[in-house]
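J.: I have a structure here, written as structure tokens, and I will follow up with some questions on it.
The values are calculated or read from the model by the stated rules, or taken from the named source; none is laboratory data. Since the model is a prediction, treat every value here as computed from it, not as a measurement. Methodologically, a virtual Cβ is constructed for each residue, glycine included, from the backbone with ideal geometry; neighbour enumeration extends over all protein chains shown.
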Amino acid sequence: MDTCRKCGGPLKPGEKDTSSGRDIREYICIGCGFADWEDRGVALWKLLHDDRNEMGPELAATPIPQPLVSAAPASRWNRFLACLRLRRM
């Protein structure tokens, strides 16, 4: 989609919605403001979700491995205390 159906002007991408399980994209005409949308098929998250469920209940229940990097302390005080703890070691 690159031209408006009403005036033939260029379209710019608007919003992308995948909450329904479909990849729906909205385009807005720069010239006349006409909004058009396009259904691009099944959303990626829906495919991955369905694929995980098809593996079976024993594999679907396994947790997804998390990265080994630990989360940094959120507040400045906790970061300061973490710095002092590292110096003691």
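J.: Going through the range 1-18 one residue at a time, which ones are in a strand (DSSP E or B) and either over 10 Å from A35 (Cβ atoms) or touching a helix residue (DSSP H, G or I) at 6+ places or on another chain (Cβ under 6 Å) (or both)?
T.: T3, P10, K12, P13, K16, D17
J.: Moving on to the next point. Out of the residues in the range 1-36 that are among the basic types (K, R) and under 28 Å from L47 (Cβ atoms), which is nearest to the chain's Cα centre (by Cα)?
T.: If we take residues in the range 1-36 being among the basic types (K, R) and under 28 Å from L47 (Cβ atoms), then K16 is nearest to the chain's Cα centre (by Cα).
J.: Please go through (1) surrounded by 12 or more Cβ atoms within 10 Å (Cβ to Cβ); (2) small (G, A, S); (3) at pLDDT 70 or above for A60 and return the number of the only condition it doesn't satisfy.
T.: Condition (3) is where A60 drops out.
J.: To continue, here is another question. Quick test for you: out of M89, M1, M55, pick the one residue that is modelled with pLDDT under 80, in contact with a strand residue (DSSP E or B) (Cβ under 7 Å, 6 or more places away or on another chain) and either surrounded by fewer than 12 Cβ atoms within 10 Å (Cβ to Cβ) or not β-branched (V, I, T) (or both).
T.: So the residue among M89, M1, M55 that is modelled with pLDDT under 80, in contact with a strand residue (DSSP E or B) (Cβ under 7 Å, 6 or more places away or on another chain) and either surrounded by fewer than 12 Cβ atoms within 10 Å (Cβ to Cβ) or not β-branched (V, I, T) (or both) is M1.
J.: Sticking with this structure for a sec: Working only within the range 37-52, note down all residues that are within 14 Å of S19 (Cβ to Cβ) and out of contact with any strand residue (DSSP E or B) (no Cβ under 9 Å at 6 or more places or on another chain).
T.: W45, H49
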